[in-house]
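A short worksheet on the structure shown next.
The values are calculated or read from the model by the stated rules, or taken from the named source; none is laboratory data. Just so you know, these numbers come straight off a predicted model, no measurement behind them. Cβ placement follows ideal geometry from the backbone for every residue including glycine, while neighbour counts extend to all protein chains displayed. Only protein heavy atoms, including side chains, enter the accessible area calculation; ligands, DNA and RNA are left aside. Shrake-Rupley method; radii C 1.70, N 1.55, O 1.52, S 1.80 Å.
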Amino acid sequence: TSLASVAALAVASNASIAGRVLVGVAPVVSLSSIGLDHPYRFRITRTAAVSIPDGTNTQIQWTETVFDPASMHSSTTSTSEANFVVPGTYLCGANVEWESNASGQRYLSLLVNGTTEIGVTAARVVTTGQTVRQQVDALYAFVSTDRLSLRVFQDSGASLSIGPVASYSPILWAVKVG
């Protein structure tokens, strides 16, 4: 199991991970020794579907905080961004599920400060009635003034929704790892 997989699982599950250990081929590693038990982490989502216009880059506005012990996201100002209050290396990512449509492509981009892409994924839809689930992750050294956001794009010929689905769509998350 990679460190990225463990961190993503810990963030995704919102579990208390203090004092737990990872056991694998390598020696036992305490999660606290690799920095995954501190407050610099967040997971934000939406409570309602969002319509993404055809051919338009759109930053997702986040409406609900799942957890955010360091208050890195505001639900009232700059709701499309999370602000890094402590510099360091963070593992971050996002997940979405697009409504079914057989045309075009779908893109996700993790942005730092609204412009710098640090993670990108693309999917081409080939089957009628197919929903598209996408995930993008990145390991990045943030400074204390950096902001993280998710930009989405689709070119199906019509507006498409990204809807709230269980606990995985849409989400934006990060955890400090170093």
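Observations, loosely collected:
- Number of the condition not met by Ser149 [criteria: (1) buried (at least 18 other Cβ atoms within 10 Å of the Cβ); (2) assigned to a loop (DSSP other than H, G, I, E, B)]: (2)
Conditions tested, residue by residue: (1) of a type outside the set (Phe, Trp, Tyr); (2) under 24 Å from Thr145 (Cβ atoms).
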{"residue": "Pro53", "(1), (2)": "yes, no"}
{"residue": "Asn57", "(1), (2)": "yes, yes"}
{"residue": "Phe67", "(1), (2)": "no, yes"}
{"residue": "Val86", "(1), (2)": "yes, yes"}
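- Just one residue in the set Asp146, Asp137 is touching a strand residue (DSSP E or B) at 6+ places or on another chain (Cβ under 6 Å) and farther than 20 Å from Ser75 by Cα; that residue is Asp137.
- Among the residues of the stretch 103-128, those that are open to solvent by less than 50 Å² (accessible area, probe 1.4 Å) and in a loop (DSSP other than H, G, I, E, B) comprise Gly104, Gly114, Val125.
- Near pairs, Cβ below 8 angstrom, 6+ apart or cross-chain, from the stretch 88-112 (within 22 Å of Ser167 (Cα to Cα) and among the acidic types (Asp, Glu)) to any residue that is assigned to a strand (DSSP E or B) and open to solvent by 20 Å² or more (accessible area, probe 1.4 Å): Glu97/Arg133; Glu97/Val165; Glu99/Ser161
- Condition check for Thr47: surrounded by fewer than 19 Cβ atoms within 10 Å (Cβ to Cβ) and modelled with pLDDT under 95: yes
- Residue satisfying all of: in the stretch 152-177; outside any loop (DSSP other than H, G, I, E, B), in contact with an Asp or Glu (Cβ under 9 Å, 6 or more places away or on another chain) and open to solvent by 10 Å² or more (accessible area, probe 1.4 Å); modelled with the lowest pLDDT among these: Val165
- Looking across Ser80, Ser71, Ser75, Ser100, one residue alone is assigned to a loop (DSSP other than H, G, I, E, B) and buried (at least 18 other Cβ atoms within 10 Å of the Cβ). It is Ser80.
- Matching residues, the stretch 53-68, being part of a loop (DSSP other than H, G, I, E, B) and in contact (Cβ under 8 Å) with a residue 24 or more places away in the chain: Pro53, Asp54, Gly55, Thr56, Asn57, Ile60, Trp62, Asp68
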